[in-house]
Amino acid sequence: QVQLVESGGGLMQAGDSLRLSCAASGRTIRTYGMGWFRQAPGKEREFVAAIGWSGTSTYYADSVKGRFTISRDNARNTVYLQMNSLKPEDTAVYYCAGRFAEGAATRLYEYDYWGQGTQVTVSS
């Protein structure tokens, strides 16, 4: 069983940068694909970014491409989401997710375990 704990959220201003962390415990995630999703108030949870087990393959939602970067440190059992040039529309609860498979994935149902989320609020 894998537990995921997100951290790093907060109240930011448009244009700021922020890095989210997702620490895994219970077992290693070094062979698993990982992802970040977000859910804004009144909206469905949506894909943000994903990374394969080795870190060489990554995928991004069009809305964050060029601004967000997903990375992982398998030695630390941790996944990161670097968010630059934040916009008010990035306001959401951000969730880390993992899957019992090596590749990166972009759809919610492809993930097997989830963190509790961390709030990111961006003011204009």
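Going residue by residue through the stretch 7-25, is there one that turns out to be open to solvent by less than 40 Å² (accessible area, probe 1.4 Å) and in contact with a helix residue (DSSP H, G or I) (Cβ under 8 Å, 6 or more places away or on another chain)? So far as the stretch 7-25 goes, no, none of its residues is open to solvent by less than 40 Å² (accessible area, probe 1.4 Å) and in contact with a helix residue (DSSP H, G or I) (Cβ under 8 Å, 6 or more places away or on another chain).
For the condition open to solvent by 60 Å² or more (accessible area, probe 1.4 Å) and part of a strand (DSSP E or B), what is the one hit in Y80, Y59?
Details: Y80 fails: open to solvent by 60 Å² or more (accessible area, probe 1.4 Å).
From the options Y80, Y59, the qualifying one is Y59.
Let's see how each residue does on (1) within 16 Å of P41 (Cβ to Cβ); (2) out of contact with any Gly (no Cβ under 7 Å at 6 or more places or on another chain):
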residue	(1), (2)
L86	no, no
D90	yes, yes
Y94	yes, no
E102	no, no
L108	no, yes
Y111	no, no
G117	yes, yes
V120	yes, no
S123	yes, yes
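Quick one: count up the residues across the stretch 107-124 that are more than 14 Å from the chain's Cα centre (by Cα) and over 24 Å from G52 (Cβ atoms). Steps first, please.
First, the residues of the stretch 107-124 that are more than 14 Å from the chain's Cα centre (by Cα): 109-110, 112, 121-124.
Filter again for over 24 Å from G52 (Cβ atoms), leaving 121-124.
Residues flagged as more than 14 Å from the chain's Cα centre (by Cα) and over 24 Å from G52 (Cβ atoms) within the stretch 107-124 amount to 4.
Scanning the stretch 62-77 for residues that are under 23 Å from T91 (Cα atoms) and outside any strand (DSSP E or B) returns D62, S63, V64, K65, G66, R67. Whenever a residue of the stretch 4-24 is closer than 16 Å to V48 by Cα, it has no partner that is of a type in the set (S, T, Y) and assigned to a loop (DSSP other than H, G, I, E, B) lying with C-beta atoms less than 7 angstrom away and at least six residues away or across chains. Of note, R38 satisfies the criterion of being surrounded by 18 or more Cβ atoms within 10 Å (Cβ to Cβ) and either of a type in the set (D, E, K, R) or touching an Asp or Glu at 6+ places or on another chain (Cβ under 8 Å) (or both). Given the condition without any contact (Cβ under 8 Å) to a residue 60 or more places away in the chain, touching a strand residue (DSSP E or B) at 6+ places or on another chain (Cβ under 8 Å) and on the phi > 0 side of the Ramachandran plot, answer yes or no: does some residue in the stretch 105-121 qualify? There is no residue in the stretch 105-121 that is without any contact (Cβ under 8 Å) to a residue 60 or more places away in the chain, touching a strand residue (DSSP E or B) at 6+ places or on another chain (Cβ under 8 Å) and on the phi > 0 side of the Ramachandran plot.
Could you count how many residues in the stretch 86-122 are assigned to a loop (DSSP other than H, G, I, E, B) and touching a Phe, Trp or Tyr at 6+ places or on another chain (Cβ under 9 Å)?
First, the residues of the stretch 86-122 that are assigned to a loop (DSSP other than H, G, I, E, B): 86-87, 91, 99-107, 111-112, 115-117.
Narrowing the set further to residues that are touching a Phe, Trp or Tyr at 6+ places or on another chain (Cβ under 9 Å) leaves 99-107, 111-112, 115-117.
Adding up the residues that qualify gives 14.
Among the residues of the stretch 45-91, the ones that are of a type in the set (D, E, K, R) and in contact with a helix residue (DSSP H, G or I) (Cβ under 9 Å, 6 or more places away or on another chain) come to 3 in all.
The values are calculated or read from the model by the stated rules, or taken from the named source; none is laboratory data. Values in this document were obtained by computation on a predicted structure and should not be read as measured data. A quick note on method: Cβ atoms are made from the backbone with ideal geometry, for glycine too, and the neighbour counts reach across all protein chains shown. Surface accessibility is based on the protein's heavy atoms, side chains included, excluding ligands, DNA and RNA. Shrake-Rupley method; radii C 1.70, N 1.55, O 1.52, S 1.80 Å.
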